[in-house]
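First comes the structure, then the notes that go with it.
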Amino acid sequence: QVQVVESGGGSVQAGGSLRLSCTVSGLTLDNYAMGWFRQAPGKEREGVSCLVWKGSDTYYPDSVKGRFTVSRDNAKNTLYLQMNSLKPEDTAMYYCAALGSRTCSGSWFAAALLSGVTYWGQGTQVTVAS
């Protein structure tokens, strides 16, 4: 049974920082890319970071580039998202996902959202107050 579990969300003031964690069990990640998505009420789920597990290539959309950093701990099967300079528009439920891939890109985000074989976590809430 594959499990994807996020943690680390919370409430912070604008300009603050949070680090999210995503731990995966029951899955060998060498042939996967993993990413973080977010979804605010009434909005579509959007990708905010992607990391290719083998080699650690990364991709970020312009909305978070320079503020968010994705990384991994191979021994712990854990993906992290360091979020700095947080803005109120970053407020959302943040989800971790895994989908087999050798690359990360905007097209990977789209594939993960549309694929029936993407593994998703339950989400962790991030709230940024002004």
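The values are calculated or read from the model by the stated rules, or taken from the named source; none is laboratory data. It should be emphasised that the depicted structure is a prediction, and the values quoted were computed from it without experimental measurement. Reconstructed Cβ throughout: ideal geometry from the backbone, glycine too, with neighbour counts over all protein chains shown. To get the accessible areas, we keep the full protein, side chains included, count just its heavy atoms, and leave off ligands, DNA and RNA. Shrake-Rupley method; radii C 1.70, N 1.55, O 1.52, S 1.80 Å.
Filter the stretch 69-92 down to residues that are closer than 14 Å to GLY9 by Cβ and out of contact with any Pro (no Cβ under 9 Å at 6 or more places or on another chain), then give me how many there are. Lay out the reasoning, then the answer.
Going residue by residue through the stretch 69-92, those that are closer than 14 Å to GLY9 by Cβ are 80-83, 86, 90-92.
Those left that are additionally out of contact with any Pro (no Cβ under 9 Å at 6 or more places or on another chain): 80-83, 86, 90-91.
Of the residues in the stretch 69-92, 7 are closer than 14 Å to GLY9 by Cβ and out of contact with any Pro (no Cβ under 9 Å at 6 or more places or on another chain).
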Output for the stretch 100-114, where each listed residue is open to solvent by less than 20 Å² (accessible area, probe 1.4 Å) and farther than 12 Å from ARG38 by Cβ: TRP108, ALA112
Of all residues in the stretch 53-70 being of a type outside the set (Val, Ile, Thr) and open to solvent by 50 Å² or more (accessible area, probe 1.4 Å), the one that is nearest to THR103 (Cα to Cα): ASP57
Members of the stretch 33-47 found to be in a strand (DSSP E or B) and surrounded by fewer than 17 Cβ atoms within 10 Å (Cβ to Cβ), listed by number: GLN39, GLU46
Conditions (1) touching a Gly at 6+ places or on another chain (Cβ under 9 Å); (2) loosely packed, with under 14 Cβ neighbours inside 10 Å; (3) more than 17 Å from GLN122 (Cβ to Cβ); number of the one not met by CYS50: (2)
Positions within the stretch 3-26 being within 18 Å of ALA75 (Cα to Cα) and open to solvent by less than 30 Å² (accessible area, probe 1.4 Å), in sequence order: VAL4, GLU6, LEU20, SER21, CYS22, VAL24
Enumeration of residues in the stretch 64-110 that are part of a strand (DSSP E or B), over 20 Å from THR127 (Cα atoms) and of a type outside the set (A, V, I, L, M): SER71, ARG72, ASP73, THR78, GLY100
